[in-house]
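Just so you know, all these numbers are worked out from the coordinates, no wet-lab data involved. These figures come from a predicted structure and were not determined experimentally. Please note: Cβ atoms are built from the backbone with ideal geometry, for glycine as well, and neighbour counts cover all protein chains shown.
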Amino acid sequence: MKNNKYSALTFIALSMVAISPNTFAVQLPSDIAWVTNLDEPLFASPDAKRGGTYRTFMRSFPQTLRSVGPDANSGLRQYFMDEAPKLVQLHPTTGEWIPQLATEWAFGDDHK
């Protein structure tokens, strides 16, 4: 039994080494047009002071870090999902795509 376990693990390890990194590579279409949009107007007050410290609190320490499921703490959802930066977002005034984390992006014919 012990030898079977080690031989199976050895086989799995060798199989993973044998897989080429290009096996999972995604080929992008050649006609994609990359976009950047840094020219949209600011939607914050020009009088707002930049920087500072954001402080918040939780009513109690969560039993788990799950946002859904048993013992889920819905108070954590905002930290994990709502406040997490995205690659791009829609400008609230103009409706155009603006960067959050990405500097350039592209949409294919399938809108992905």
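Amide hydrogen proximity for Val35: with H placed 1.01 Å from N in the peptide plane, the residues at 5 or more positions away or on another chain lying under 5 Å are Trp105, Ala106. Under a 5 Å amide H cut-off, with hydrogens placed 1.01 Å from N, Arg66 pairs with Asn73 among residues at least 5 apart or on other chains.
Under the 0.36 nm per residue contour assumption, what length would be gained going from the current alpha-carbon distance of Asn37 and Lys49 to full extension? Working it through step by step, the gained length comes to 1.9 nm.
Among 51-63, 33-45, sorting by the average number of other beta carbon atoms lying within 10 angstrom of each residue, highest first, gives 33-45, 51-63. Extending 7 Å from the Cα toward the beta-carbon at both Leu87 and Thr56 defines two label points whose distance is 2.5 nm.
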